[in-house]
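As structure tokens, the structure follows; a few thoughts come after it.
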Amino acid sequence: MKHFLSINDISKDEALFLLAEAARLKTQLRENPEEQLRYLRGKALAMIFEKASLRTRVSFDVGFYQLGGHALYLSPAEIGLGKRESIADVAKVLSRLADIVMARVFRNSDLREFAQHATVPVINGLCDMEHPCQAMADLLTIQEHKGLENLRVAYLGDGNNVCHSLMLLCTKLGLSFAAGVPEGYEPNNEITETARRDGEVLITNNPAEAAQNADVIYTDVWTSMGQEEESAKRLQVFPPFQVNAELMAHAKADAIILHCLPAHRGEEISAEVMDSPQVKVFDQAENRLHAQKSVMLWLMENAG
């Protein structure tokens with residue numbers, strides 16, 4: 001059974017196919033939306049949420065509806081993975097009742113255990129290790145505005161799940177990647193080395209060095225959900241990595257700015273920069289819909 005738990009689950013050719021399919025679906029939605037309704041008519045998507053999300057919830061729900069199917073939201077109270085019921089039992093039950101599952105969870109280990117026992121495709125809607133659907137939307141946005149040739153992508157902030165998936169997908173597709181992160185907040189070493197086997201990766205504690213000559217500047221919140229007790233410390237450590245006018249002076253003049261949202265103006269990104277024409281975050285947010293439709297359709301077709 002084919003799952004989408006990590007960027008490592010797809011090849012370069014598969015990634016390029018999924019981006020092309022996302023672009024096709026985006027165009028088709030504008031020109032002939034009724035055509036999409038036949039793709040997954042009568043199919044059901046089960047959406048497991050341990051962590052709340054605006055973009056993940058709406059884009060998967062609306063996306064599956066636009067493909068002709070029905071999406072079902074399952075809250076933490078209704079599931080209780082590994083607490084109210086074992087992860088294996090939940091996977092087996094949902095495999096009998098739904099055609100595909102999206103899980104947004106705290107732990108990568110729980111996601112992988114679920115997929116091990118599922119007999120339908122499973123999509124990683126976010127875990128502590130990766131956010132592959134976000135990376136697909138990110139590269140779709142970059143492709144729309146910059147193409148995918150001879151680009152340098154710079155990520156500023158915490159070397160987190162978003163950074164991991166973005167780094168893996170950028171290098172898989174031949175883009176140069178740099179991460180400017182505070183000391184002690186570097187991305188996972190194993191993921192970094194995997195990315196380096198595919199392409200150029202720079203990990204630095206100097207934000208200006210990371211941003212130098214970048215075509216794309218990317219940032220994320222300094223404190224993710226589940227890290228609230230670290231917030232005060234992070235607010236002291238991360239300010240030099242804020243995406244602001246001073247940092248943007250190191251990037252190319254026509255660089256675009258991305259953020260997976262929600263954005264905290266005055267923290268990881270200045271209000272001035274967040275509201276500048278270089279920011280493409282709302283294109284990026286919309287592209288979650290199209291990128292995820294591409295992934296869901298591909299998985300369903302491969303599942304037979």
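Just so you know, all these numbers are worked out from the coordinates, no wet-lab data involved. As the structure is a computational prediction, the values presented were derived from the model and not from experiment. Every residue, glycine as well, gets a Cβ built from its backbone with ideal geometry; the counts of neighbours run over all protein chains shown.
Miscellaneous remarks
Quick grid of which residues meet (1) in contact with an Asp or Glu (Cβ under 6 Å, 6 or more places away or on another chain); (2) under 30 Å from Met102 (Cα atoms); (3) surrounded by 15 or more Cβ atoms within 10 Å (Cβ to Cβ):
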{"residue": "Arg234", "(1), (2), (3)": "no, no, yes"}
{"residue": "Cys260", "(1), (2), (3)": "yes, yes, yes"}
{"residue": "Lys280", "(1), (2), (3)": "no, yes, yes"}
{"residue": "Glu286", "(1), (2), (3)": "no, yes, yes"}
{"residue": "Leu289", "(1), (2), (3)": "no, yes, yes"}
{"residue": "Gln292", "(1), (2), (3)": "no, yes, yes"}
{"residue": "Val295", "(1), (2), (3)": "no, yes, yes"}
{"residue": "Ala303", "(1), (2), (3)": "no, yes, no"}
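- Extreme residue, surrounded by the most Cβ atoms within 10 Å (Cβ to Cβ), among residues of region 154-176 that are touching an Asp or Glu at 6+ places or on another chain (Cβ under 7 Å) and over 22 Å from Val237 (Cα atoms): Leu166
- Qualifying residue in region 126-138 (condition: surrounded by fewer than 17 Cβ atoms within 10 Å (Cβ to Cβ) and not polar (S, T, N, Q)): no
- In region 175-220, the qualifying residues are those that are touching a residue at least 60 places away in the same chain (Cβ under 8 Å) and small (Gly, Ala, Ser), and the one that is nearest to Ile257 (Cα to Cα) is Ala214.
Residues checked against (1) free of Cβ contacts under 8 Å to residues at least 60 places away in the same chain; (2) among the small types (Gly, Ala, Ser); (3) farther than 19 Å from Lys2 by Cβ:
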{"site": "Arg57", "(1), (2), (3)": "yes, no, yes"}
{"site": "Ile87", "(1), (2), (3)": "yes, no, yes"}
{"site": "Val90", "(1), (2), (3)": "yes, no, yes"}
{"site": "Leu97", "(1), (2), (3)": "yes, no, yes"}
{"site": "Val101", "(1), (2), (3)": "yes, no, no"}
{"site": "Ala118", "(1), (2), (3)": "no, yes, no"}
{"site": "Val122", "(1), (2), (3)": "no, no, no"}
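- Options Ala118, Ala77; residue that is farther than 22 Å from Glu14 by Cα and surrounded by fewer than 17 Cβ atoms within 10 Å (Cβ to Cβ): Ala77
- For Leu235, the conditions (1) farther than 23 Å from Leu126 by Cα; (2) assigned to a loop (DSSP other than H, G, I, E, B) all hold with the exception of (2).
- Region 1-59, subset in a loop (DSSP other than H, G, I, E, B) and of a type in the set (A, V, I, L, M, F, W, C), residue farthest from the chain's Cα centre (by Cα): Leu37
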